[in-house]
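Structure first, then comments.
Here, each number is a calculation from the coordinates, and none is a lab measurement. Quick caveat, the model's predicted, so the values are computed rather than measured. For neighbour counting, all protein chains shown are included, and Cβ atoms are generated from backbone atoms with ideal geometry for every residue, glycine included.
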Amino acid sequence: MALQQLLFTFNSPENPATLPEDWTHSGVVGSGDMEVLLSRKELGGKVEAKVVTPVNGFDDIWEKVLQRFVDEAGLGNLSIEINDNNATPYIVMTRLRQALLEAKEGGEE
Amino acid sequence: MSHWKENQKASFYEATARQRAFSLVDEGTFHELVGPETRMTSPHLPVLGEAVSFDDGVVTGVGSIRRRPVFVISQEGRFIGGAVGEVGGAKIVGVFDLALQLYDRINKKHPGVENRLPAIVFSFETGGVRLHEANAGLLAHAEVMEKIQQCRGKIPVITLVGSKVGCFGGMGFVSVACDLVIMSELGRIGLTGPEVIEEVMGKREFDASDRALIYRTTGGKHKYILRDSAYLVRDTIGSFRQQLVEVLCMPYDKIVLCRSIGSMELVEEQLKVVATAVENKPRDSKDVWRYYGNEEWDRIPDMEYDEFMEKAVVRPRERRNWKWWQKR
């Protein structure tokens, strides 16, 4: 019943880049949607993810999607914080990519 | 092209709270206060297994319009229907406090320079109290009401309603307690939401699946004819912004003429509207439009914006003495 908190740590790819900004936020916690806060954090090059979700039993899928994003993004020393409200894996991936894109563009919404 | 410029053409109805907040003030001036990076999530939702949000569904910040400091409050309807909880409520009240503090400071330093004094703009998208944290939500409503009263004679508080969820419940009261209301045709203001009326009073009283009925009763055009909304604008962020800029260039004494509550005279005026309704027993909003002299009352819902603005006859306003305000 209570809200779930999932924590993951990923090894970053070789020669990781850092997030162009201190932090970047994207998305709205609507039904079937989520928001993500990417921020720089000194983690010895690793990537840390925290997912807050009302859904149970999808830990493996979260891990896979996040691993894919970490591989794709090529960033290290990164903290990924997600507030989820029943987003599907596809939406999760889209929002993560969006957040990264916004950080690179440096633009606000 | 910057997001700000693109956003001016974007639909206000569909825009997120942050998009609205960022694009209502002058380009590049918006600074978010207690933004998502502060991670101020609701302490009540996790125990109920409800999703939380880093901004608790309210975007607050400050920017400027024509060098005037403008505080912005923008509610996010996608997050629990924009309902007001403890954190979001505190953020809203905090913005009012900051605006009042700034008013005192500027007024002390540069007395009588009205166009540099702060203003507050509140973009509503809410169903009222967040039931998961009902007491805190109710308290927030009361506090905001009090802050609006404290702003009287000092800071213009402008309501914007044109978002998807509309503005219902307790926040329906709050929105019309502000100094001036700007709506789009798609905006809706009401107290009890359509679904709730149907639930309690039955489908014969109010059919919540009848979209046309909902817009006729709570929508922008109706509110404009009734003068609950001072201005009706097109559904783009740019149109809302343009109207807002225009309003903020008006003297304070003129802005507050658009108030619908707050004095004995206004109460009497509202009571007269009620008396008129009792006398004429309208069965539908169309009867009201007809009463106020709209010849093509039956066609009003179908009219395009330009035609409506040209033909709409609005409720005549009582002439009133507003010197009372200046004394404060």
Exposure proxy check: B:Phe124, B:Phe71, B:Phe308 ranked by fewest other beta carbons within 10 Å? B:Phe308, B:Phe71, B:Phe124
For region B:223-276 and region B:136-214, compute the distance between their C-alpha centroids and round to whole Å. 14 Å
Once every Cα of region B:214-291 carries one equal point scatterer and solvent is ignored, give the base-10 log of I(q)/I(0) from the Debye formula at q = 0.26 Å⁻¹, two decimals. -1.24
Which FRET efficiency value, to the nearest 0.05, do you get for B:Met264 and A:Glu21 by plugging their Cβ-Cβ distance into 1/(1 + (r/R0)^6) with R0 = 56 Å? 0.55
Provide B:Arg241, B:Arg234 in ascending order of the number of other Cβ atoms located within 10 Å of each residue's Cβ, fewest first. B:Arg234, B:Arg241
How big is the antiparallel share of DSSP beta bridges in the protein assembly as shown, given as a percent to the nearest 5? 55 percent
If you average the sequence gap of Cα pairs under 8 Å that are 6 or more apart and divide by the length of chain B, what percent do you get for the contact order? 15 percent
Isotropically averaged projected area of chain B, using the convex hull of Cα atoms (one quarter of hull area), nm²: 17.6 nm²
Spherically averaged projected area in nm², based on the convex hull that wraps the Cα atoms of region B:47-206: 10.5 nm²
Kirkwood-type radius of region B:149-236, with distances r between different C-alpha atoms, in Å: 13.5 Å
Percent RCO, i.e. relative contact order, over chain A, from Cα pairs under 8 Å lying at least 6 residues apart: 39 percent
Relative contact order for region B:172-243: what is it in percent, counting Cα pairs under 8 Å that are at least 6 residues apart? 40 percent
Taking all pairs of distinct Cα atoms, average 1/r, flip it, and tell me the Kirkwood hydrodynamic radius of region A:26-66 in Å to one decimal place. 12.2 Å
Return B:Arg68, B:Arg283, B:Arg105, B:Arg130 ranked ascending by Cβ neighbour count within 10 Å, so the fewest neighbours appear first. B:Arg283, B:Arg105, B:Arg68, B:Arg130
